[in-house]
Amino acid sequence: MRLLVTRPEEDGAALEARLKDFGHEALCAPLLTIRYHPEKPLERAGAQALLATSANGIRAFARRADLSAWQDVPLLAVGPTTAALAAEAGFKTVLEGEGDAKALAALARARCVPGAGRLIHISGAVIAGDLKAWLEAEGFEVERAVLYEAAGAETFPAEAAEALRAGRIEGVLFYSRRTGEIFRRLCEEEGLTDFLASACAYCLAPGIREVLEGLPFRDFAVAGAPNEDALLDLLA
């Protein structure tokens with residue numbers, strides 16, 4: 001199957017390799033560009049745990065000059081990819097959530113103690129769920145550390161646009177609502193919506209399908225769980 005990958009460049013390259021292993025042909029069209037800001041001051045004293053809702057948060061933290069001072073702080077990761085990167089970055093205690101921010105909040109409630117120290121949410125400038133508010137409502141002290149930003153594409157990647165117009169794309173993979181919103185905007189601005197009928201939209205979560213609703217895809221498919229393995233199962 002010929003698939004369009006909309007993930008940021010670093011994530012997209014890893015996904016492209018997985019898709020090739022499954023016998024698919026992938027075309028990377030990053031709709032987000034990640035800019036890291038690891039220099040943000042953070043106080044190690046009094047930190048109970050780190051919470052990571054994305055792989056990019058770990059990549060940003062791993063660029064910190066004081067990384068070694070944090071590696072003994074327990075890190076709660078949103079899912080398996082983020083957890084694996086945290087382990088590679090040298091964190092000694094890594095706990096894995098079930099794939100989304102609400103599940104990560106549940107993990108924090110189960111493993112952390114209100115009043116026993118700050119929870120530090122490693123995040124981007126734009127977040128999908130308010131982890132800080134959810135946990136503060138449970139009595140936790142939560143600090144949000146914005147260590148990266150994801151800049152949206154202003155134009156559709158030329159090679160991807162050409163492939164859509166030629167009807168060569170059979171599926172488009174979406175991992176976030178924001179990527180779906182950018183895809184929709186660029187398709188409408190650049191006259192690409194009429195060329196989606198040959199493709200299926202593969203969505204990591206129901207909320208992504210919501211922002212794509214009305215686009216003339218051949219079909220929509222939503223992963224049974226918010227993780228990459230479940231999304232790729234849709235391609236079988």
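Nothing in this text is a laboratory measurement; each read-out follows from the coordinates by a stated rule. What you see is a predicted model; the values in this text were computed from it and never measured. Cβ atoms come from the backbone with ideal geometry, glycine included; neighbour counts cover every protein chain shown.
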Angle in degrees between helix 9-21 and the longest Cα principal axis of the chain, rounded to the nearest 10: 60 degrees
Determine ³J(HN,Hα), in whole Hz, for all residues of the range 38-48 in sequence, where each value follows from phi through the Karplus function 6.51 cos²θ - 1.76 cosθ + 1.60 and θ = phi - 60°; x replaces Gly and Pro. x, 7, 4, x, 9, 8, 5, 4, x, 7, 7
Residues whose built amide H sits under 5 Å from the amide H of H121, excluding neighbours closer than 5 in sequence, are L51, E143, R144, A145
³J(HN,Hα) across the range 77-84 via Karplus (A = 6.51, B = -1.76, C = 1.60, θ = phi - 60°), whole Hz, x for Gly/Pro? 9, 5, x, x, 5, 5, 5, 5
Using bins 10 angstrom wide from zero, how does P(r) for the chain break down, in % of all Cα pairs? 8, 32, 32, 19, 8, 1
Would you calculate the separation in nanometres between label points at A125 and D21, each defined as 7 Å from the Cα along the Cα-to-beta-carbon direction? 3.4 nm
May I ask for the Rg/Rh ratio of the range 34-150, computed from Cα atoms with Rh as the Kirkwood radius, given to two decimals? 0.91
In Hz, Karplus ³J(HN,Hα) per residue of the range 137-153 (6.51, -1.76, 1.60; θ = phi - 60°; x = Gly, Pro): 5, 9, x, 7, 8, 10, 10, 9, 10, 7, 10, 7, 9, 10, 8, x, 5
Give the cross-link partners of K40 among the lysines, using a straight C-alpha distance below 27 Å as the criterion and excluding same-chain residues fewer than 8 apart. K92, K102, K132
Take each of the peptides 130-141, 165-176, average the number of other beta-carbon atoms within 10 Å over its residues, and list them starting from the highest. 165-176, 130-141
Would you please give the FRET efficiency between E188 and A116, computed as 1/(1 + (r/R0)^6) with r the Cβ-Cβ distance and R0 = 45 Å, to the nearest 0.05? 0.35
